[in-house]
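J.: Before we start, here is the structure in question, set down as structure tokens.
The values are calculated or read from the model by the stated rules, or taken from the named source; none is laboratory data. All values reported here derive from a predicted model rather than from experimental measurement. Don't worry about glycine lacking a Cβ; one is built from the backbone with ideal geometry, like all the others, and counts go over all protein chains shown. The protein model used for the area step is the full one, side chains on, heavy atoms only, and it has no ligands, DNA or RNA in it. Shrake-Rupley method; radii C 1.70, N 1.55, O 1.52, S 1.80 Å.
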Amino acid sequence: MSFRSSLFLGLVGAVLVTAMSYALLGYVVFKREQDLGLQRDLAAFRQAVLLSLDLSGAQPVYRPSDDARTVLERYRDSTFQVLRDGTVLLTFGNPRSAQAGVWLRDAVPLGNGYQLDLALNTTENRSALTAFGRAALFALILALAFAAFLSWLIHPLLLRPLRALQRGVEQLSAQAIPAPVAVPPGNDELSRLARSFNRMITALHTFIERERSFSRYASHELRTPLSNLRVLSEGARKGILEPEATWPEIEANLLRIEHLLGSLLALARSPQLDPEPVALEPLAQGYLERLPGASRQRLRLVRQAAPEVAGNAELLERLLDNLVQNALKYSDREVIVRLDRGLEGALVSVRDFGPGVPEAMLGQLTEPFFRLEQETRGLGLGLALVEQVVAAHGGTLRFRNLRPGLEV
């Protein structure tokens, strides 16, 4: 069964059950009120007739008072008879009409063998019930027509996001990344499904871009050390190069490949945090103490506060190492590592006193393999990794020239 048919049947069924329940309940209540009203009318008619009869003589006599005449005038379409031993002695109205019409009957013994038979005309009441039934049937038909129109109207609105999701899933099955779908307004199941689909598309797109970047960067950066290794191995095999002279070069190229692959893998994979409290001062102090003596002498740790963050200590130390090594590389003077607590959380800054970076290039510093000077040692991946670690901890990375030097 199609979605349109299911929607139509569901709406029609809901409207039908609701309208029928309302009509049936209304009919029962209305009929009950009608019956109670008829019983009150019959009692009033009977009382007025009893007050109008004189049974003291040989024959019953009809002598209504003014009050009784007023009441009986309201029931002039009704009738009564006074009988004795099955013989009609007194009649009011047309008894024959009471045989075929819609009447409410009552029999009252009067004593001395007399009996009063009453017939109250209920035609108007029955007509009202019939009119109510017709109105309910008309309302039911109108409600069904409205349900059909409503299902026709809202079908495209409901199906549009579903069709977009269907197209997206079909594109995924064809190994293509679909565009995010429009999220319907509100916070119902359909809008939450669309948001979840968009988050999945974003995550998948990010994952594929990381894999593509890994392949692109690896093919680009591995070409040089692999070419060097090929030349060195050919030279050693043909006797052009002495083996003792080639080993240091081979080891240097292998080390470069190892570092490059490690950095590329770290860049291609989002850091998975298992947050735990990390005190930044002991972490920074321990890192600085493990540095070689020449580098450690150029570093100064300034603690303005004792910040603590929820994160991964290994990643944070790797972040600090990349910043410090960059600062040491581009500056011959002192490097200052500052720890503080700002309005948004922990603040870590590393400042050198080197030449700085041209303002136009500050936005490019975190691009993979970007280097200010191509002859500078390094892979150009350090700040890209720093940016990724900062993002994983929910932080921000900023650069500014202080003249002299760069502060990160």
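J.: Could you tell me whether segment 192-211 includes any residue that is small (Gly, Ala, Ser) and at pLDDT below 75?
T.: No, every residue in segment 192-211 fails to be small (Gly, Ala, Ser) and at pLDDT below 75.
J.: Here is a check on your reading of the model: is ASN125 modelled with pLDDT under 85 and either under 30 Å from TYR22 (Cβ atoms) or touching a Gly at 6+ places or on another chain (Cβ under 9 Å) (or both)?
T.: Yes.
J.: Also, I was wondering about something else. Just to verify a result, which residue in segment 303-330, among those that are outside any helix (DSSP H, G or I) and open to solvent by 30 Å² or more (accessible area, probe 1.4 Å), is modelled with the lowest pLDDT?
T.: Taking the candidates together, the pick is ALA306.
J.: Considering (1) part of a helix (DSSP H, G or I); (2) modelled with pLDDT under 85, say which one VAL390 fails and leave the rest.
T.: (2)
J.: Under the condition of being assigned to a helix (DSSP H, G or I) and β-branched (Val, Ile, Thr), which residue from segment 223-254 is least open to solvent (accessible area, probe 1.4 Å)?
T.: Going through the qualifying residues, I end up with THR246.
J.: For segment 343-361, how many residues meet the condition of being open to solvent by less than 40 Å² (accessible area, probe 1.4 Å), over 17 Å from ARG298 (Cβ atoms) and either of a type in the set (Val, Ile, Thr) or in a helix (DSSP H, G or I) (or both)?
T.: 1
J.: Taking SER191, is it touching a helix residue (DSSP H, G or I) at 6+ places or on another chain (Cβ under 6 Å), surrounded by 14 or more Cβ atoms within 10 Å (Cβ to Cβ), farther than 30 Å from ASP106 by Cβ and of a type in the set (Ser, Thr, Tyr)?
T.: No, not satisfied.
J.: I've got another one for you. Only one of (1) touching a Pro at 6+ places or on another chain (Cβ under 7 Å); (2) open to solvent by 70 Å² or more (accessible area, probe 1.4 Å) is not met by PHE149, so which one is it?
T.: (1)
J.: Scan segment 331-342 and give yes if some residue there is assigned to a loop (DSSP other than H, G, I, E, B), open to solvent by 20 Å² or more (accessible area, probe 1.4 Å) and either touching a helix residue (DSSP H, G or I) at 6+ places or on another chain (Cβ under 8 Å) or more than 21 Å from ARG296 (Cα to Cα) (or both), otherwise no.
T.: Looking through segment 331-342, none of the residues is assigned to a loop (DSSP other than H, G, I, E, B), open to solvent by 20 Å² or more (accessible area, probe 1.4 Å) and either touching a helix residue (DSSP H, G or I) at 6+ places or on another chain (Cβ under 8 Å) or more than 21 Å from ARG296 (Cα to Cα) (or both).
J.: Test LEU280 against the criterion of being without any contact (Cβ under 8 Å) to a residue 60 or more places away in the chain, in contact with a strand residue (DSSP E or B) (Cβ under 6 Å, 6 or more places away or on another chain) and aliphatic (A, V, I, L, M), and give yes or no.
T.: No; evaluated as a whole, the condition is false for this residue.
J.: While we're here: In segment 23-56, which residue that is polar (S, T, N, Q) and open to solvent by 80 Å² or more (accessible area, probe 1.4 Å) is farthest from LEU129 (Cα to Cα)?
T.: SER56
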